[in-house]
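Trainee: Submitted below is the structure of interest, expressed as structure tokens.
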Amino acid sequence: MLGFLFGLNARMGRLQFFLATIVLAIVMTGICFFIAMFALRHAMPTKMRPEELLQTPVTIVAIVLFAAASFTIQSMRIRDIGWDPVCVVPLWIAFMFVDRLLATKFPALAVGEEHQSTVIGGLVNLVLMLILYFWPSGYADDAGSAPDTSSGRWGGDTVRPSAATDRFSRISSGGRS
């Protein structure tokens with residue numbers, strides 16, 4: 001279920017990823033514009049601080065929707081590259097948390113006083129985004145099929161299960177091949 005919800009089992013090519021990123025940016029800019037206009041009309045007379053505006057339900061819903069949409073299109077692109085987003089995305093998120101922790105605990109490592117990341121974290125994010133934009137698809141010959149594993153464990157005449165099914169069967173059998 002989560003595989004289809006977050007795009008973990010779907011694929012998106014380079015051009016589609018680029019266009020989806022642009023469309024998502026335009027849509028979220030429009031949503032942020034409407035939230036800001038609402039804040040100017042309704043919050044200014046009550047002297048609402050910007051921190052309080054970020055805690056309104058509308059803003060929180062917009063942040064969650066933007067994060068979910070970004071997560072989905074990045075997962076789809078990672079799947080198209082041929083990598084497993086179930087492994088790559090949690091590692092990427094864990095690295096961002098460790099990077100932020102290092103930047104807050106050791107301010108000398110941070111990019112600047114107002115930034116909460118290190119130079120290494122910025123470079124890793126830049127490299128990963130460049131990979132998402134420019135790395136070719138994993139299965140260029142046939143976008144709908146997995147690589148040929150006829151000499152492998154599944155045999156030549158049988159249908160190879162999806163990567164998720166294979167991963168779950170390995171996990172449920174205790175990691176044995």
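Trainee: With the structure loaded, tell me whether V58 is part of a helix (DSSP H, G or I), among the hydrophobic types (A, V, I, L, M, F, W, C), within 14 Å of the chain's Cα centre (by Cα) and at pLDDT below 90 or whether it fails that test.
Mentor: No; evaluated as a whole, the condition is false for this residue.
Trainee: Suppose we keep only residues that are modelled with pLDDT under 90 and of a type in the set (V, I, T) within region 17-55. Which one would you say is farthest from L130 (Cα to Cα)?
Mentor: By that ranking, first place goes to T46.
Trainee: Here is a follow-up. Could you list, in sequence order, all residues of region 109-129 that are surrounded by fewer than 12 Cβ atoms within 10 Å (Cβ to Cβ) and in contact with a helix residue (DSSP H, G or I) (Cβ under 6 Å, 6 or more places away or on another chain)?
Mentor: Across region 109-129, there are no qualifying residues.
Trainee: Which of the residues spanning region 89-110 are among the aliphatic types (A, V, I, L, M) and in a helix (DSSP H, G or I)?
Mentor: V89, L91, I93, A94, M96, V98, L101, L102, A103, A108, L109
The values are calculated or read from the model by the stated rules, or taken from the named source; none is laboratory data. What you see is a predicted model; the values in this text were computed from it and never measured. Please note: Cβ atoms are built from the backbone with ideal geometry, for glycine as well, and neighbour counts cover all protein chains shown.
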